[in-house]
Amino acid sequence: MKTDEIRAKYLDFFSKRGHRVVESDSLVPADDPTVLFTPAGMNQFKKQFMGCLTGFSRAVTAQRCLRTDDLEKVGKTDCHHTFFEMLGNFSFGDYFKKEAINWAWEFLTVELQIDPAKLSVSVHKDDDEAYCIWKEDVRVPEARIARLGDKDNFWPADAREKGPNGPCGPCSEIFFDMGTGFACSSPDCGPGCGCGRYVEIWNLVFTQFNRREGGILEPLPQKNIDTGMGLERISAVMQGVKSNFETDAFSPLVDAIKAGCPVGGLEVAASEVYAVADHLRAAVFAIYDGILPSNEARGYVVRKLIRKSVLHLRGIGINRIFLHTLVPVAARAMSLPYPELAERSAGIEAVISAEERSFQTTLSDSETMLEAKLGCFRSSPDAHKAGIAAFQLYDTYGIPFELTSSWAAGQGIELSAGSFEKEMQLQKNRSKAGSVMQGDVFCLEQTWQKGLPETEFLGYTSFEAQGRVLKIIAGDEEIKEAGQGGRVRVVLDRSVFYAESGGQCGDTGTIKGADAQVQVIDTKKIDKIVMHDCRVISGVLRKGEDVLCVLDKERRLNVARNHTATHLLQAALRLVLGPQVRQQGSMVAEDRLRFDFANPSALSREELDRVEALVNRFVLENPALEKREMTLEEAKSEGALAFFAEKYAEKVRVITVPGISKELCGGTHLDFAGQIGQFRILQESSVAQGVRRIEAVTGSAAYALAKEKDAVISSAAEALGVPANALVAEAQKKASRIRDLEKELSVLRMENARSSALKLLDSAQKINNFKLVSGMIAGADPDVLRRTVDSLKKESARATLFALGSVKGGRAFLVLGATQDLCAGGLKVSGMIGEVAAVIGGSGGGRADFAQAGGSRPDKIEEALLKFKELAERAEI
């Protein structure tokens, strides 16, 4: 049975039993700081688990998940993954153990037709209720029901003893018996044994307790069901294969990787191939969800996955730029659940390609980085610190320990593998911490809205409206009233204030009570409840009182100008660059807009001018905007563009600028495009590999920018004594003259430096069997120092070392050189620059015959030259 068929059967099975089919959430958890990525199906339902009103009490999902706690095991085992799909059915105070257990059994044995004799189960040792249901209702033989402890059959694991606080409960797991051929020799082999015979395929969590400090378990008034079944794992069972990587979910990628190997994939290590297939899927879906490679948080994980994939590819002989070619393969394999992935694969491929090329360059330059990081341990051996430095090279740049260790051995530098492994374990712990919940399972931010209805939003058509105060929250506590000067969050039953969403900033304005004047500083939304961030200016605001909401109309119109302009901007970009352009993010504020989009390279000046001209043409045409509500399917069928990072409801709002743009958007917009006034691009820049950013202004801000530029032009023309229309020609003339003068000055500087250097050559020191030319070149920049060393090599072409220093602009600069005969004898100034650079508080690099460095300690420049002399005296040539 194919993976797509299993997914469809699962969703259909539970849909027929009253469950709402809920679309997979993003890998970026919304309003959930407890996890780095979405690690399980239950994460998007935390508020429902706490009793918040949502309109449904049963749900079923196929959730895309990403975990990094088992990163080093991926590819080496049959079932560990970073990215995977979790099938889950959930009950929020509705059905409980009996239905969950019976439906799970029915799905496996009837829908999937798995032989019941191949299935075993486990329950918590104290959960007699679940045990009896399995034994008496389902009639699983007692010998195939295992009673296990808190570590194996309680969620979260060991929560009773170790926490966290919050909802928890026993669980029951279902195992598939792979057969005696996989069994260990232990007489106690059974579910929970790690030998591989019993493969866990489904976990049923019975959330029935609330843990309090001290390990106290209180029964929950609302008991919940949270189940999870790994789609890749059940696919392996259904397809009769031992490894998840042998299923149809992975086989296209595995085949493509093997086909790219120099030997056709016949002799390559399966673990390397499997790791690439897994990491590539994870990177593709992370980028799909807006997580771009970077050096921070989620972006760092994506970068690490791509770099580890490159290293795995090199391990099977693929040293060329190759990883990005697998993106369309992954997109086709996931085309049924994610049809839009194919449309966006070109942009995702561009991001991975750019990151891959960057890392390949890093690997090519690895000797320079190794020298800079480890060179200092030649003269000051410290195996422990060197091992930590080796880990930092691995963690930051992806340079494998084997490469570092081999290089260090050749340089006579001792590394502690133990220190490396210790740092690696600490990093694993940090990764694991990022994949599991931190602190209490559910905090105030997830429980304050319990029992609240969704806020009725009136702000699309009104600037003011009556409402009623439902809650007032100060800090972490709900209060009944707030007096003058109080900073509080206020929930109303109705509001005209737009809450920050979709890149658009929240509205501001005032709330007027019977005797209270309240300033609305910002507006945010959690689920469908609007939260007003307020300061009480005068009087007392009371819970339950009727109030008048009045938003800042002028500010709202400025925001709307910028938001409508982003739609026109995306339309213009697609016309100029092509239909592959897709929004990657945006920011719409009162005074400016920012729009991020996928594009492999920077826009030319001509392209930017065309984009700006197109937007202004749309503004002058002044079409009336159409704002309609429809189903998500209707919107997609009409070709409306959707922002990938947003999760849309069944009913969506579509903003149409006839003949120009059609997008799903819940933001506030103008009635006519002409209300934008004018549109000016401020700048275009890079956000990440393959992602560009345009910043722009509209309306009065665009007019002010134009006036400011006019003033600059007028002032410049006046300063040069020419009319404005002759300014460019005059500036070019002056620039040409300046370049000529700079060339003349450079020649003079070089002549002065050469003169000083020749004096140093005349006073060269004799060391062992070579000369050392060392000293200061006053006021020389790094380029002059480099050229001077090259010049001196021509004057003294044999058995000579050079070390020139200078101080300029408050910084110290050093250039080292060696003649070719010394290099042929084994001397490398690149191996000395690290220690010398450390003296001036900097770093450096280079090659055997030439190296350079810069530092922040100009007072140490003479000391650095002496340090080089010491190293030269100890050099074996």
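What the table below lists for this structure:
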{"quantity": "Greater than 23 Å apart at Cα, pairs in 135/242; 151/308; 450/543", "calculated": "135/242; 151/308"}
{"quantity": "Contour minus Cα-Cα distance for residue 751 and residue 222 (0.36 nm per residue)", "calculated": "181.8 nm"}
{"quantity": "Gain upon complete extension [residue 729, residue 557; 0.36 nm per residue less C-alpha separation]", "calculated": "57.8 nm"}
{"quantity": "Residue 409-residue 142 pseudo-label distance in nm [points 7 Å out on the Cα-to-Cβ vector]", "calculated": "6.0 nm"}
{"quantity": "Dimensionless Rg over Rh [the range 745-877; C-alpha; Kirkwood]", "calculated": "0.93"}
{"quantity": "Calculated log₁₀ intensity ratio I(q)/I(0) where the Debye formula runs over C-alpha points of the range 249-326, q = 0.11, 0.24 Å⁻¹", "calculated": "-0.27, -1.07"}
{"quantity": "Degrees, to the nearest 10: 383-397 long Cα axis against longest axis of the chain", "calculated": "70 degrees"}
{"quantity": "Label-to-label distance, nm, for residues given as residue 790 and residue 500 (7 Å Cα→Cβ offset)", "calculated": "5.3 nm"}
{"quantity": "The range 281-351 shape via C-alpha gyration tensor axes, a/c threshold 1.5", "calculated": "oblate"}
{"quantity": "Kirkwood hydrodynamic radius of the range 558-661, from inverse mean 1/r over distinct Cα pairs, in Å", "calculated": "14.7 Å"}
{"quantity": "Cα point-scatterer Debye curve for the range 25-69, base-10 log of I(q)/I(0) at q = 0.14, 0.17 Å⁻¹", "calculated": "-0.34, -0.49"}
{"quantity": "Alpha-carbon spread of the range 678-753, three principal axes, descending order, Å", "calculated": "54, 42, 15"}
{"quantity": "Volume in Å³ per residue [convex hull over Cα atoms, computed for the chain]", "calculated": "221 Å³"}
{"quantity": "Loop-resident sites, the range 462-566, for trypsin sites (Lys or Arg not before Pro), counting at most 11 other Cβ within 10 Å (DSSP)", "calculated": "480"}
{"quantity": "Cα centre as origin, Lys/Arg/Asp/Glu Cβ charges: the range 753-809 dipole, Debye", "calculated": "140 debye"}
{"quantity": "Measure of compaction for the range 625-755 (Cα Rg per 2.2 N^0.38 Å)", "calculated": "1.83"}
{"quantity": "Positive-end extreme of charge dipole, the range 210-288 - chosen from 224, 288, 247 (charges on Cβ)", "calculated": "224"}
{"quantity": "Nearest-ten-degree value, helix 340-364 long axis tilted from longest Cα axis of the chain", "calculated": "40 degrees"}
{"quantity": "Convex hull volume per residue for the range 1-78, taking Cα atoms only, in Å³", "calculated": "119 Å³"}
{"quantity": "Three principal axis lengths of the range 501-581 [C-alpha, angstrom, descending]", "calculated": "56, 27, 17"}
{"quantity": "GluC sites (Glu not before Pro) within the range 252-316: DSSP coil, no more than 13 neighbouring Cβ in 10 Å", "calculated": "267, 296"}
{"quantity": "Shape box of the range 155-194 [Cα atoms, principal axes, largest first, Å]", "calculated": "42, 17, 11"}
{"quantity": "Loop GluC sites (Glu not before Pro), the range 813-877, which have at most 13 other Cβ atoms in a 10 Å radius of their Cβ (DSSP)", "calculated": "876"}
{"quantity": "On Cα atoms only, tilt of 861-874 relative to the major axis of the chain in degrees", "calculated": "80 degrees"}
{"quantity": "Per-selection Kirkwood Rh - the range 823-877 (Cα, Å, 1 d.p.)", "calculated": "11.2 Å"}
{"quantity": "Rg(Cα)/(2.2 N^0.38 Å) for the range 87-166, N = residue count", "calculated": "1.19"}
{"quantity": "Extension gain, residue 424 back to residue 325 (0.36 nm per residue minus Cα-Cα distance, nm)", "calculated": "32.6 nm"}
{"quantity": "Given charges at beta-carbon only (K, R positive; D, E negative), |dipole| of the range 677-752 in Debye", "calculated": "180 debye"}
{"quantity": "Out-of-range pairs (alpha-carbon distance over 27 Å; input 471/636; 385/867; 480/524; 98/525; 743/828)", "calculated": "471/636; 98/525; 743/828"}
{"quantity": "Label-point gap, in nm, between residue 255 and residue 128 - each point 7 angstrom along Cα→Cβ", "calculated": "5.6 nm"}
{"quantity": "Net dipole in debye of the chain [+1 Lys, Arg Cβ; -1 Asp, Glu Cβ; about Cα centre; nearest 20]", "calculated": "1740 debye"}
{"quantity": "Average Cα contact separation per residue, the chain, under 8 Å, 6 or more apart, as relative contact order %", "calculated": "8 percent"}
{"quantity": "Cα-based convex hull volume of the range 322-418 per residue, rounded to whole Å³", "calculated": "110 Å³"}
{"quantity": "Cα gyration tensor shape of the range 80-121, rounded if a/c is under 1.5, else prolate or oblate by comparing a/b with b/c", "calculated": "oblate"}
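No lab work stands behind these numbers, since they all come straight from the coordinates. None of the values given here were measured: they were computed from a predicted structure. Ideal geometry is used to build each Cβ from the backbone, glycine not excepted, and the neighbour counts take in all protein chains shown.
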